[in-house]
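Report on the following structure.
A short reminder: the numbers here are calculations on the coordinates, not readings from a lab. Quick caveat: nothing in here was measured; it's all calculated off a predicted structure. Positions of Cβ are generated from backbone atoms using ideal geometry, with glycine treated the same way; all protein chains shown enter the neighbour counts.
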Amino acid sequence: MEAFGSGRVWYIPLMTKLEEIEAAITRLSPQEIAKLREWLDELDARLFDEKIEHDAKAGKLDKHSAEARANLKAGRGEEL
């Protein structure tokens, strides 16, 4: 498709990236799906750890940490 004589060619994607990934997953074997699930679990855990580390460095967990220490000191919890 040409855009009004501009010389440019425009392509309209038929599927989004996510739709392409979903379609590809439906073609995987059970073993490949298991490996994908394991990889996604590992990715999710890594991203979670990175978020917690970022939040800790930014001081976003300080209030919660202080509250937990106060509860422990007051006997409303147990040390891990």
One residue is enough: does region 28-44 have a residue meeting the conditions β-branched (Val, Ile, Thr), without any contact (Cβ under 8 Å) to a residue 40 or more places away in the chain and surrounded by 10 or more Cβ atoms within 10 Å (Cβ to Cβ)? yes
Just give me the residues in region 43-58 being among the small types (Gly, Ala, Ser) and either in contact with a helix residue (DSSP H, G or I) (Cβ under 6 Å, 6 or more places away or on another chain) or in a helix (DSSP H, G or I) (or both), in sequence order. ALA45, ALA56
Within the set of pairs 6 or more residues apart or between chains, which connect a residue that is assigned to a helix (DSSP H, G or I) inside region 62-79 to a residue that is of a type outside the set (A, V, I, L, M, F, W, C) and surrounded by 10 or more Cβ atoms within 10 Å (Cβ to Cβ) with Cβ atoms less than 9 Å apart? ALA68/GLY77; ASN71/GLY77
Leading residue by the ranking (farthest from ILE25 (Cα to Cα)) among those in region 59-80 that are touching a helix residue (DSSP H, G or I) at 6+ places or on another chain (Cβ under 9 Å) and surrounded by 11 or more Cβ atoms within 10 Å (Cβ to Cβ): GLY77
